[in-house]
Amino acid sequence: MEKSSLPTPPANSNPRARALKKRILQCLMGVLPPMPKVVLKAQEIMSSPDSSLKELVRVIATDQAISVRVLKLANSAYYGLVGRVTSIGHASVLLGGKKMCEIVIMAGTSNLLGKTLKGYRLKSEDVWRHSLAVGIGSRLIANMKKPELVNDAFMAGLIHDCGKIMLDEHVLERMEEFEGLLKDGQQTFFEAEQKILGLDHSEIGFHVCKSWGIPDILTNAVRYHHYPSLSQGNVLSHIVHMADSMAIRSGIGTSFVGMPYQVDDKDMEVLGLQEDEVSGIMDQVVQAVEELAEKMRET
Ligand SMILES: [Fe+2]
Ligand SMILES: [Fe+2]
């Protein structure tokens, strides 16, 4: 079920929700798990016009646990190198900087993002598959329509729902209230978050990204991934929104069956996408998630 008009992010007038929002934001720094430095550094290297593959390999080598995972992923069917590479240097020569950077981001965030979200009724594997689907979908859309954003698209898509990690316990504590609001299928989970908690997962996701030191363009894409038309021209937020709705339509990452997802009408127009292109991307995303999620289980 889709709605045609977009909401403006509401300033919640309920004093209880406002107080709760304040409390959630104050607690943020104390409970926020860190983003691995290797991920931030890899993203920075690949976003720089003078990015160097050597520098990327050197950075990966500083984190042993991530290096092991990177090598396993590089040897996956998805990257076409099954069993062929035994060193990060060799993998980087065969795959190139962009793919290596993507693998580092995946390897470095899978534990951080792939957490069970009891409040959202999502198992860790489903959370991770959804993140992966939106990361890959965002990269494919950018590749096709906005190549200048291709280096940022994967990471933005992968981390877009990071705010859910912070809100999960609050949702769980108020599950009855959420169920009451959602039972007639008229509201999105996102709207219920705003009403009950005083803020939604994109707003707290914005603060999470700021605390992690994520660049502004990605931080804003996370902030507006549910209402990109309000982003004042952040095309990346349109890309992530489109990839998010594709993942949901493909059944990757929904828990509350029949939950409406509010789609921004302008997205297709802003991105210049046609329906048949969307179907093609969705097929590629589903296949990629299968191949990568299976490999991630082994790492
Ligand atoms: Fe979201
Ligand atoms: Fe999402």
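General observations
- The chain - charge dipole about Cα centre, Lys and Arg +1 at Cβ, Asp and Glu -1, debye rounded to 20: 960
- Expressed in units of 2.2 N^0.38 Å, where N is the residue count, the Cα radius of gyration of the chain is 0.98.
- Of the peptides 70-80, 207-217, the ranking by mean beta-carbon count within 10 Å, highest at the top, reads 70-80, 207-217.
- Cα-based shape type of the range 57-144, given that a ≥ b ≥ c are square roots of the gyration tensor eigenvalues and the cut on a/c is 1.5: prolate
- Dipole moment magnitude, nearest 20 debye, the range 36-112 about Cα centre, only Lys, Arg, Asp, Glu C-beta charged: 180
- Of the peptides 58-66, 186-194, 241-249, the ranking by mean beta-carbon count within 10 Å, highest at the top, reads 241-249, 186-194, 58-66.
- Cβ crowding within 10 Å averaged over residues, with 23-31, 149-157 ranked highest first: 149-157, 23-31
- The relative contact order of the chain, computed from alpha carbon pairs under 8 Å that lie at least 6 residues apart in sequence, is 24 percent.
- In the structure shown, the pairs LYS21/LYS123; LYS21/LYS195; LYS118/LYS210; LYS115/LYS295 are assessed against 20 Å; a Cα-Cα span above that value is assigned to LYS21/LYS123; LYS118/LYS210.
Since every read-out is calculated from the coordinates, none of them should be taken as a lab result. Please read all numbers here as calculations on a predicted model, not as lab measurements. FYI the Cβ positions are ideal-geometry reconstructions off the backbone, even for glycines, and counts take in every protein chain you see.
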